Amino acid sequence: DRSMEVYDIVVIGGGPAGMAAAVAARQMGIEKILLIERDRELGGILQQCIHNGFGLHNFKEDLTGPEFSERYIQRIEELDIPCKLDTMGLSITKNREVVFVNAREGLKTVKAGAIVLAMGCRERARGAVNIPGSRPAGIFTAGTAQRLINIEGYMVGKKIMMLGTGDIGLIMARRLTLEGSNVIAVLARKPYPGGLMRNVVQCLYDYDIPLMLQHTIVEILGKDRVRGVLVARTDENSLPIPGTEELYECDTLILSVGLIPENELSLSAGIELDRRTGGPIVNESRETRVPGIFACGNVVHVHDLVDFVVEESEMAGKGAARFVQRSVECADASIALLPGRGLKYVVPQRVNAANVEDGLDLFLRVNRVYGPSYIEVKDGRESIKKVKRPHMSPGEMERVRINRSNIEKMKGSDLIVEAVGVEG
């Protein structure tokens, strides 16, 4: 099709990840960039995150979500990067054609030299946690409640129970308390909370909101509106213990039970996903297993801090720019990075040694709470890096830097990363 518009790079998603990738690509000298965003404005989820705590690493300032995204929106405007808002990406192909739809142009296809996927993640809803009961009003995911209160100006309820300890949930427990609701308790199935410790302290402890570890909800009561929940204690396998049920009266249930990378588009291009992260398998420049298609931010793995999202997205933007400029080794990344004992996942999953300039940052999560411990990177049986940690938990992402010299000395084709507790 001769009339098809051609861009050097098309970025799908206009949140912090997509904006940072687009800015990084423009700084590498790429002219024709297109940013596609399905919402009516740029900024992604940050527009509804009116609390502070953003930008501490990146800008060395304590910003709210909208202030943080505004910095990037200004950069996009200064660099004159075209954006299509209110535009839904429908599919992408292996040969880098992007199909999208909006009210002005209808259905349209554009061709890209490289694509950056930055669609973020979505919340797990009630269906993912299988709680019996009817379907009354008053059940919200934490992000939906956040949008209703902070953007639409609606209050979600007065007496609130919260299931799950994701960061958005912890922040919403505080937000709802500030708005005059009574948050009865926040429940976690496991013996530890799922979010950042600083959020547990600042959002629950500081506001005297009870945190009930090893508890879950076994039934939702109410026909038209939630009127209560049955709460049970959980055993060492996080399963409810029969006979421990207690009734808590409430009019609202908020779920903060995890996030899932948004990868329908990735699947449409046949991109291989990592079942551990739920996102694409990527290499050191955040290129997926499909050449010329890159991914960054929460679409790859769920981050705790937007500062790290932005950093990773700059890698993807630069990687896409180098791909378009043909200044990068395109041989398949030959070294595999594998999560060993104690780890949920490690990103990137593959590395092409030729493209590592000075060092490589590994992002990882442990699968349980550790006291004094260390993270070890091994080449076969040989240890090439050990990093001590006073404390690690699944709610906090860890990062380890390995030097280029370590990678050059490698004998095998696999690097294994492990978390080891120091006993005593």
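Sorted by accessible area (1.4 Å probe), largest first, how do Phe100, Phe59 line up?
Numbers: Phe100 0, Phe59 60 Å².
Reading off the accessible areas and sorting them downward yields Phe59, Phe100.
Once you charge only the Cβ atoms, +1 for Lys and Arg and -1 for Asp and Glu, what is the size of the charge dipole of the stretch 1-144 about its Cα centre, to the nearest 20 debye? It would help to have the intermediate numbers written out before the result.
Details: 18 positive and 18 negative charges, 134 e Å.
Value, rounded to 20: 640 debye.
Since only Ala354, Asn403, Gly127 are under comparison, the one whose Cα sits farthest along the positive direction of the charge dipole of the chain, derived from C-beta charges on Lys, Arg, Asp and Glu, is Gly127. Measuring between their Cα centroids, the stretch 149-169 and the stretch 197-263 lie 13 Å from each other. From the largest down, the chain spans 63, 61, 38 angstrom on the principal axes of its Cα atoms.
A P(r) calculated from all alpha carbon pairs of the stretch 343-424, with 10 Å bins opening at zero, reads 18, 52, 26, 5, 0 percent. Restricted to Cα atoms, the stretch 1-75 shows a radius of gyration and a Dmax of 14.2, 49 angstrom.
A dipole drawn for the chain from +1 and -1 charges on Cβ atoms has a positive end, and of Asn199, Ala25, Leu230 the residue lying farthest that way is Leu230.
Based on C-alpha pairs under 8 angstrom that are at least 6 apart in sequence, the chain has a relative contact order of 15 percent. Helices in the chain that qualify as membrane-span-like (whole DSSP H runs, Cα extent of at least 24 Å along the helix axis, mean Kyte-Doolittle hydropathy of -1.0 or higher) are 306-324.
Here the Kirkwood formula, the inverse mean of 1/r across different C-alpha pairs, assigns the stretch 145-213 a hydrodynamic radius of 11.9 Å. In sequence order, the stretch 391-403 has phi-based couplings of 7, 9, 9, x, x, 10, 6, 9, 9, 10, 9, 10, 7 Hz under the Karplus curve 6.51 cos²θ - 1.76 cosθ + 1.60, θ = phi - 60°, and Gly or Pro positions carry x.
Shown here are the Rg and Dmax of the Cα trace of the stretch 204-289, at 19.5, 52 Å.
As an exercise, take the mean of 1/r over every pair of distinct alpha carbons in the stretch 107-169, invert it, and state the Kirkwood radius in angstroms.
Details: mean 1/r = 0.0665 Å⁻¹.
Mean inverse Cα-Cα distance, inverted, gives 15.0 Å.
Two decimals is fine: what is log10 I(q)/I(0) at q = 0.17 Å⁻¹ for the stretch 268-353, from a Debye sum with one equal scatterer on every Cα and no solvent? The calculated log intensity ratios at q = 0.17 Å⁻¹ are -0.67.
Each 10 Å bin from zero up to the one holding the largest Cα-Cα distance in the stretch 128-271 carries the following percent of pairs: 12, 41, 33, 11, 3.
Estimated from helical segments only, the mean residue ellipticity of the chain at 222 nm is -5000 deg cm²/dmol, where each DSSP H run of four or more residues counts as -39500 (n - 2.57). Split the accessible area of the chain by element, probe 1.4 Å, and carbon with sulfur accounts for 49%.
Which of Ala321, Tyr370, Leu415 sits closest to the plus end of the dipole of the stretch 321-424, meaning its Cα is farthest towards the positive end, when Lys and Arg get +1 and Asp and Glu get -1 on the C-beta? Projecting each Cα onto the dipole axis, the largest value belongs to Tyr370. Surface exposure of the chain, expressed per residue as accessible area with a 1.4 Å probe, stands at 44 Å². Which of the aspartates and glutamates could a cross-linker span from Lys388 if the Cα-Cα distance has to be under 19 Å and same-chain partners fewer than 8 positions apart are dropped? Candidates past the 8-residue exclusion: Asp361, Glu376, Asp379, Glu396, Glu398, Glu418, Glu423.
Taking amide H as placed 1.01 Å from N in the peptide plane, the amide H of Gly279 sits under 5 Å from that of Asp274, each at least 5 places away or on another chain.
Against the empirical 2.2 N^0.38 Å (N residues), the stretch 14-159 has a Cα radius of gyration ratio of 1.23. Annotation: amide H of Leu337 within the under-5 Å range of Arg350, Val351, Leu415, sequence separation 5 or more or interchain, hydrogens built in the peptide plane.
For the chain, modelled as a GNM whose springs connect Cα atoms under 10 angstrom apart, the maximal fluctuation among Met172, Met410, Met119 occurs at Met410.
Can you compute the charge dipole magnitude of the stretch 202-333 about its Cα centre, using +1 on each Lys and Arg Cβ and -1 on each Asp and Glu Cβ, nothing else charged? Give it in debye, rounded to the nearest 20.
With Lys and Arg at +1 and Asp and Glu at -1, about 480 debye.
The values are calculated or read from the model by the stated rules, or taken from the named source; none is laboratory data. Everything quoted here is computed from the prediction, not taken from an experiment. Positions of Cβ are backbone-derived with ideal geometry, glycine not excepted, and every protein chain shown enters the neighbour counts. Remember, those area values only see protein heavy atoms, side chains included, never the ligands or the DNA or RNA. Shrake-Rupley method; radii C 1.70, N 1.55, O 1.52, S 1.80 Å.
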